[in-house]
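Presented below is the structure to which this report refers.
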Amino acid sequence: MVFNRSAYTINTTLKWLMTGVMLFLGVVLLAPPESLARQLLITLQGYPVYSVMVVLFTVTLFALLSWVRACTLQFSMTDGYIEFRVGTVVQKYQWILRRDIRNIRLKANIIEQKLNAATLEIETVGTGGVDIQLPQLRRHEAEAIRKQLLPEETTAANDPEPNPDPAKSPLSQADAQDVRTMQ
Amino acid sequence: MNYQTGLPLRGLLPILIENLKSFRDGWWLNLILVAAVLGIAPALKANATVSLIVIGSIIAGYTIALWRTYQFTRDDTVIRVKTGLAEKNRVTLSPTNISRVDRQRDQWCLLLGLVIVELHTEGSEDAAVKIPYITPRMAQRLIGDLDVEPSADHSSEFRFKLSIPDSIKGALLVPNKHMIGPALILVAIALPFLSSTAQRPDELLMDETSVEQASTILSSTVHPGTIGAIILMTGLFLIGVSVIARVFYALPYFLGTQVDVSDTHIRVQSGIFNLRRWQLRLTDLASIEVREGVWARLFRGSPVLLQTRGAKMRSGMSGYYIPFVSNEKLQELLERIDIQPGELPERRLNVFNFLMDMARITAGGTAIVIGIVLFLPVSFWDSPILPFYAAEIGCIYLLATMFCWRRHWNSGLRVSTGNITVGQCRWTRNRTLAKLEDLHGFEVITIPLLNNHVLAVRPGLPGVDERVTATTECTPGNLSASHLSSL
């Protein structure tokens, strides 16, 4: 399993929660005293047990949804291209050509660092088009994928002509050898 | 070649200032918001000296720690950049992939004798690597050998120049959204001449009563119809000023436009005083966007937007834009740059995809709607004029739906042997033409429960930044990498 599901679940849950909390805080700060937000806050203060239950329910729901989404993460790699899928009800499927990869970023926020995960951002030659972000990979897998995708780092010095036939269609290089499918 | 360095000591000051300016990682803003909500502000104010010392020490400590994390490594095969403390960034870049090197100096660099180096690769919207606040000597040792200059070529074989009527057509065909910025600047410049008593925008902002006026707007009652009237008036105003901008900005910009296409380069110079010149290598050209709207058919020509595999997507007038090319010249141009003129599939009703797209857009706006609902007073929900507000919101939503329908109606995709034609979700029917070999990827949105019905697609092509929702000819199978490789 190449993805760190725990890290994905915690990260996604926190992202959704932070968005909600920031929105609520922003409204509460700016809204006049008679607004629905302020009245809601006053009402919740009167029922602390219910408030805690609402918060716990929201956190659990978000965590559950994130976990379900984490279970759908799929990534595969051939000699020619990379494929990535995510989503249950609505599924997103992306592929990019390996020869068009120009830049790879490895990112790890505090949660990812603690859970030994990292996010890999793969940039291609296209502008405004399809770039792939592989979220919360296991750290060593992220490093391994990065090294596989940037062969210049290890082979360029020994390979002065990396593309001997530039006229050849890039897609024709997408022969499925060494197919790795990972979830 | 092996070289490793960090930031010089002089780099501490700009890092501190950037740190303070950018609310790095969003932490500070969150802390301030939480402190304000929890009512900590009065306690901080009561112990101002201690608070300032503590907060200052934290910021200074964080800045020094952040400064120490910057590390730049260069050898023959790779450039590595390590930055970040709370969020760590590790960028590894092969020097062979670098297409452009920019050296910039902001005011801090000028003051401290430093330089900011940006390394661009093909396709990245921003710089792939930013090496900030290093000394020129460090910059030379890191990237001194990487500057890339295009070769010059002046043998021109295909040339045309826009006549004055063609320039006027070009000015009329610029999309409104590209005219709004210049139009507002023109209005701001012209306002003091039109009315000697009118205040300039900066004077209005500095006016002592402006804050009070703004707070009055927030707390005053908005009657039914007001929001609709504001939207309508804003729309009419923007269309009006964009007409002015077409005459005073776009037309002088397009007069005398001359296009030269040689075997290797395309060069364009435009404007009555040659206000703008650009050139690009034909090998860098990846897609070409042509408009097919009512006006384009009436004028028997179209503006053309060229997109490259360059470091940044450039759209509209600021990009590689030729204001008007007649249909005959367009065929010639396409032949010259070796792109086949592909056609889009016929428009068909694709109601399910449209409704799903509307649902996506509506869901995207839910947070704003919830924010507004929470902001409104409780008494609003018992108000007798609530149905009028609901009717107005309904009308605005209907208008937005019609706008989205128009965009959906104009979209489409056709992949044929060696070529790809894309109609993006835009207000006008535009065709983006490209060779299949320039396609670097695909994004496909499907519903697995409905036999993998394709909701939307987005081809990975330069210049294609919108989804295509009219997907009558698309199936996950014929958009997969394995299938496209057989074409």
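Points worth noting:
- Modelled this way, with points 7 Å down the Cα-to-C-beta line, the labels at B:Ile239 and B:Ile189 are 2.6 nm from one another.
- Other protein chain Cβ atoms within 10 Å, averaged over every residue that makes up A:80-93: 5
- Partner lysines for B:Lys130 [C-alpha distance under 21 Å; skip if fewer than 8 residues away on the same chain]: A:Lys107, B:Lys21, B:Lys82, B:Lys88, B:Lys312
- Straight-distance crosslink candidates among lysines, where the alpha carbon sits under 22 Å from B:Lys329 and sequence neighbours closer than 8 are dropped: B:Lys161, B:Lys169, B:Lys435
- Summing +1 for each Lys or Arg and -1 for each Asp or Glu among the other residues whose beta-carbon sits under 14 angstrom from that of B:Glu328 gives 0.
- Of the peptides B:240-252, A:99-111, the ranking by mean beta-carbon count within 10 Å, highest at the top, reads A:99-111, B:240-252.
- Pair-distance profile P(r), taking every C-alpha pair of chain B, with 20 angstrom steps and integer %: 16, 41, 38, 4
- Between B:Arg10 and B:Ile231, the simple spin-label model (points 7 angstrom out along Cα→Cβ) gives 5.5 nm.
- Coupling constants for segment A:65-77 follow from the phi torsions by the Karplus curve (6.51 cos²θ - 1.76 cosθ + 1.60, θ = phi - 60°), and in residue order they are 4, 5, 5, 4, 5, 4, 5, 8, 5, 9, 9, 9, 9 Hz; glycine and proline get x.
- Averaging over all projection directions, the Cα-based convex hull of segment A:2-49 occupies 4.4 nm² in the image plane.
- Burial ranking of peptide ranges A:37-47, B:361-371, B:298-308 (average Cβ count within 10 Å, highest at the top): B:298-308, A:37-47, B:361-371
- Placing a label point 7 Å from the Cα of B:Asp145 along the Cα-to-Cβ direction, the residues of segment B:70-87 with a backbone N closer than 17 Å are B:73-80.
- Estimated distance in nm for a label pair at A:Ile111 and B:Ser57, the labels positioned 7 Å out from Cα along Cα-to-Cβ: 3.2
- Packing-based ranking, highest mean first, of B:46-52, B:388-394 given that Cβ atoms within 10 Å are counted: B:388-394, B:46-52
- Note, ³J(HN,Hα) from phi for segment A:4-13, Karplus 6.51, -1.76, 1.60, rounded to Hz, x at Gly and Pro: 8, 5, 4, 4, 5, 4, 5, 4, 5, 4
- Inter-chain shielding of B:364-374 (mean C-beta neighbours from other protein chains, 10 Å cut-off): 3
- Rounded if a/c under 1.5, otherwise prolate or oblate - segment A:57-125, Cα gyration tensor axes: oblate
- Taking each DSSP H run with n ≥ 4 as -39500 (n - 2.57) and averaging over every residue of chain B yields -12500 deg cm²/dmol at 222 nm.
- Look at the dipole of segment A:1-140 built from charges on Cβ: of A:Phe24, A:Leu115, A:Pro135, the Cα furthest out on the positive end belongs to A:Leu115.
- Working note: Debye formula, equal point scatterers on the alpha-carbon atoms of segment B:405-487, no solvent; log10 I(q)/I(0) at q = 0.10, 0.18, 0.19 Å⁻¹ is -0.22, -0.71, -0.79.
- Shape category assigned to segment B:58-134 from the gyration tensor of Cα positions, a/c cut at 1.5: oblate
- A Förster distance of 35 Å, applied to the separation of the beta-carbon atoms of B:Tyr3 and A:His140, puts the FRET efficiency at 0.80.
- Averaged over the residues of B:51-62, the number of partner chain Cβ atoms lying within 10 Å of the residue Cβ comes to 0.
Coordinate-derived values only; no laboratory data. Just so you know, these numbers come straight off a predicted model, no measurement behind them. All Cβ positions, glycine included, derive from the backbone under ideal geometry; neighbour counts span all protein chains shown.
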